[in-house]
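Notes follow once the structure below has been shown.
The values are calculated or read from the model by the stated rules, or taken from the named source; none is laboratory data. Bear in mind the structure is a predicted one, so any value in this text is a computation, not a measurement. Neighbour counts are summed over all protein chains in view; Cβ atoms, including those assigned to glycine, are modelled from backbone coordinates with ideal geometry. Calculation scope for accessible area: heavy atoms of the full protein, side chains included, ligands and nucleic acids excluded. Shrake-Rupley method; radii C 1.70, N 1.55, O 1.52, S 1.80 Å.
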Amino acid sequence: MPRFSVIVPAYQVQAYLPECLESVLSQSYADLEVIAVDDRSPDGCGEIIDEFAARDPRVRPVRLAANAGPGPARNAGLERAIGDYVLFLDGDDTLAPDALRAIADRLKETGEPDVLVYDHAAAYWTGETVRGPFAAQLTERGPAPFRLDGRPGLLRMVPAAWNKAYRREFVERAGLSFPPGYCAELPWTYPALALAESLATLDRVCVHHRVRRRGARVPTAGHRHFDVFDQYDRVFAFLAGRPALARWRPVLFHRMVDHLAALHTERVTLPRADRAAFLRRARAHYRRHRVPGVSVPPRSRMRHALVGLGLHRTYRAVQAGEALRRGVRRAASGLVRALRSAALQVHYRIQLRLPVRADRAVFAAYGGRAFGCNPGALEAAFRAVVPQVRTAWIARPEHQDAVPPGPGRLTPDTAAYWTALARSRYLVSNVDFDRRLVKRPGQVLVQTQHGTPLKHMGLDLRERPAAARDTDFAGLLRGVERWDYVLSANRHTTLTWERVFPGGYITLEYGQPRNDVFQRATAEDVARLREELGIPRDTVAILYAPTYRDHCLTGRPLLDLARVLRRLGPEFVILARAHPAQPTAVAGGGRVLDVTGHPSVESLCLASDALVTDYSSIMFDYANLDRPIVVHVPDDDWAAYQAARGTYFDLRAFPPGAVARSEDELVDIFATGHWRGSRSAQLRAAFRERFCPYDDGRAAERVVRRVVLGETGQPPVVPLDERRPVPSAASGVTGSPLSTVSYPTGRRPVSDHP
């Protein structure tokens, strides 16, 4: 008896069915059967199913004598299922990698519940993958398993069969089956959730639900949407026959109203000629199933008026009025913006005629989208070393709160902003300033950059169209011409910047100011940061910070973080930080902490005990902490990245620590202790010697003394072997978490990594 029976109905999905079946059969959890039901499809679905059955005995083909629809097709699969749990998958959808293993682990953790609910992601034809909007319903709150009363918000999720695993004995005992017609999942999903004695959730995307280019499946268009009324009649008949479940009637009534209103306003799936008739049926259902005395939330009153009163023309008139009002507002806003922009430019031109203020400095990071990085460290150094210079920080309105006390705050494209750009002597940023900036005589522009370059940058991207995208190289060089100083952390960076950003600037090879904190932080700072992040005591915190990939639209993660943690055991947690240029949903449960939105990557480095990355420049910064670094670069990903972006040296040949070429290797590196073995320490020492010669905690001070005070004789740099960066919480000191870590494979750490 297999653990899972995966039922796949197939009708006119021949272009997608092979990928669907392959996504199931290639799962890392192989204890399954696939019941593929050919719903008398007129295309090649039947032949495709036969081909898969011939090559894999786990595929059990079922052929229906006549087309019956997805509901009866699923019933046919249910009759033949023998697995402990039943899952459904549409023929054009796919299971996410390792989904079945995650489901199996969660079922075991929660005591074999009747129903396990997991998440899905909409997979658009553009390649974009968007997680479901109700993921918050899947996060752990309280004990598991539970009944629907403990998590009623599950009724707000998509009422689909394919985002749940059902215990087969429960399905048989409850007498659940799919009715014929469209929307057949409604009378299945709601009764299943209401009848389940035990429910559990899995905060993980397990299904990629395909969204076709036209936004709807052709077989579901037109009159088939009228089937929804019969399906809701079945739902409420089910509730009427079970008085103990009457409390769910108001909730499902509101869900019905929202559903009918959405169908009515969907222009693709419901033809215009059918909308009036559809609304008449909706009004009758509203009156039939309405629960007297139940209040309507304010945000839902328009939908209830549409469905309950059948105000088809009134609703359309209101919609048209709203559209007209929005159009007028957009036009008026555009005119106001144009006039405001012209007025600001006139203001700027006037300010350009006034004297430059020698006691003013303006700072920005990432175009006003953050506070910190090298400009943040330099701003603090300005106030400490040259307090007579008044500083101001440029931040967009949504990032103003991130600016600490001290500097003034400037909002982009305001009069104060243009005044500061026109009259401040010092302009400091890690990216280019506003392209409309006029660099004046007497102004000093410091380009700090934001890391040591591993991937190709600047003019080297001319031969890399996937990475360059729409880069204006002429505009890039015009920006370089305004630079007076460029910061560099090492000789490699100096040589790279001067070649890919050719200009007349002076390179200050003084180190990365943002890394000064690593030499100045204390053990108390580390403990406080870990507590703020919610890192449990006596655990090893791994910071996972991959870079973005120019050749990928979706940024799908290369690691199944939940699976990694399951294999490593409870002694580990992961701080997952997606790249801001390619953010992805981070899932994995309570021990995977999503820190993508954390304002300070330096704080995350201090709080962690080890770093896992790929091609991100964070490795050069993290090496200053002298803590373990593991590089995860699968061979196929390395080849793709080299072709699309390219690197300045072979990271696998000169890494900062152990190298993992697969997820299994990564797990093994941590499980066996190679991540902190002597070989990893040797690699890290060589890496630090090459790339961290000046990061001794005084880089920002050196820059300020040179740029502002004109000092050329700098204090001597503290040698690497004399630096004492703050140790991690798991530093190996007696009694520390690291000294008590157990290794689930049964192997103790060894000194060298092969």
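Backbone N atoms of the stretch 395-419 closer than 19 Å to the 7 Å Cα→Cβ label point of SER341 belong to residues 396-397, 411-419. Between ALA474 and ALA639, the simple label model (points 7 Å from Cα in the Cβ direction) yields a spacing of 3.9 nm. Note down the magnitude of the dipole of the stretch 364-471 about its Cα centre, charges +1 on Lys and Arg C-beta and -1 on Asp and Glu C-beta and zero elsewhere, to the nearest 20 debye. Dipole magnitude for the stretch 364-471 comes out near 280 debye.
Computed from label points 7 Å out along Cα-Cβ, the spacing between GLU665 and GLU79 is 5.1 nm.
In a fully extended conformation the segment linking ARG329 and ARG409 would gain 25.8 nm over its present Cα-Cα distance, using 0.36 nm per residue. Taken about its Cα centre, the chain carries a charge dipole of roughly 3700 debye when the Cβ of each Lys and Arg holds +1 and the Cβ of each Asp and Glu holds -1. Placing unit charges on each Cβ (+1 for Lys and Arg, -1 for Asp and Glu) gives the chain a dipole about its Cα centre, and among ALA541, VAL115, VAL34 the Cα reaching farthest toward its positive end belongs to VAL115.
Counting only heavy atoms of the protein chains and using a 1.4 Å probe, ARG288 has close to 130 Å² of accessible surface. With the simple model of a label 7 Å out from the Cα in the direction of the Cβ, GLU524 to ARG353 spans 5.6 nm. Only protein heavy atoms count here; on that basis, with a 1.4 Å probe, SER603 has an accessible area of about 20 Å². Under 5 Å between amide hydrogens, built in the peptide plane, is the criterion, and for ARG204 it picks out ASP119 among residues at least 5 positions away or on other chains.
Rolling a 1.4 Å probe over the protein heavy atoms leaves ILE350 with an accessible area of roughly 100 Å².
Helix 70-80 and the long axis of the chain differ in direction by around 80°, with both axes built from C-alpha atoms.
Sorting PHE52, PHE134 by accessible area puts them as PHE134, PHE52; the probe is 1.4 Å, largest comes first, and only protein heavy atoms count.
When the Cα gyration tensor is reduced to axis lengths a ≥ b ≥ c, the ratio a/c is 1.5 or higher for the stretch 111-212, and with a/b not above b/c it is classed as oblate. The C-alpha atoms of the chain define a longest principal axis, and helix 99-109 lies at about 80 degrees to it. The H on the amide N of VAL612, modeled in the peptide plane, is under 5 Å from the matching H of LEU543, TYR544, ALA545, VAL630, each at least 5 residues off or on a different chain.
To put it simply, the accessible area of the stretch 687-732 at a 1.4 Å probe is 47 percent carbon and sulfur. Dividing the summed helix terms, -39500 (n - 2.57) for each DSSP H run of n ≥ 4, by the number of residues in the chain produces a 222 nm estimate of -11000 deg cm²/dmol to the nearest 500. Based on protein heavy atoms only, the stretch 9-63 ends up with 45 Å² per residue of surface accessible to a 1.4 Å probe. Treating r as the C-beta distance of GLU463 and LEU558 and R0 as 25 Å, the FRET efficiency rounds to 0.45.
Across the options MET457, ALA685, ALA246, the greatest Cα extent toward the positive end of the charge dipole of the chain (unit charges at beta carbon of Lys, Arg, Asp, Glu) belongs to ALA246. According to the Kirkwood relation over distinct C-alpha pairs, the hydrodynamic radius of the stretch 478-575 is 17.8 Å.
When the solvent-accessible area of the stretch 591-640 is split by element, carbon and sulfur atoms take up 53 percent of it, the probe being 1.4 Å. Within the accessible surface of the stretch 85-214, defined with a 1.4 Å probe on protein heavy atoms only, the carbon and sulfur portion equals 51 percent. Computed from the C-beta positions of GLU51 and GLU109 and an R0 of 30 Å, the FRET efficiency is 0.20 to the nearest 0.05. Computed from the C-alpha gyration tensor, the three semi-axes of the ellipsoid equivalent to the stretch 426-489 are 23, 15, 8 Å, from longest to shortest. Compared with the dominant principal axis of the Cα atoms in the chain, helix 491-500 is inclined by about 80°.
When the charge dipole of the stretch 360-444 is built from unit charges on Cβ atoms (+1 for Lys and Arg, -1 for Asp and Glu) and taken about the Cα centre, the candidate among ALA392, GLY406, TYR426 whose Cα reaches farthest toward its positive end is TYR426.
List the lysines whose alpha-carbon lies under 24 Å from that of LYS164, not counting same-chain residues fewer than 8 positions away? Answer for LYS164, where 24 Å is the Cα cut-off: LYS108, listed by chain and number. Taking 0.36 nm per residue of sequence separation and removing the Cα-Cα distance, the ARG440/ALA284 pair yields an extension gain of 48.9 nm.
Peptides 351-360, 199-208, 149-158, 333-342 ranked from most to least packed give 199-208, 149-158, 351-360, 333-342, packing being the mean of other C-beta atoms within 10 angstrom over each peptide's residues. Applying 1/(1 + (r/R0)^6) with R0 = 22 Å to the Cβ-Cβ distance of ALA276 and TRP125, what FRET efficiency is obtained, to the nearest 0.05? Computed FRET efficiency for ALA276 and TRP125: 0.10.
Which whole-number percent of Cα pairs in the chain have a distance greater than 54 Å? Taking all Cα-Cα pairs of the chain, the fraction more than 54 Å apart is 23 percent. In order along the stretch 42-58, phi translates into HN-Hα couplings of x, 9, x, 4, x, 5, 5, 4, 4, 5, 5, 5, 5, 9, 9, x, 6 Hz, rounded to whole numbers, per the Karplus curve 6.51 cos²θ - 1.76 cosθ + 1.60 with θ = phi - 60° and x for Gly and Pro. A full extension of the chain between GLU19 and ALA246 corresponds to an added length of 77.5 nm, given 0.36 nm per residue minus the alpha carbon distance.
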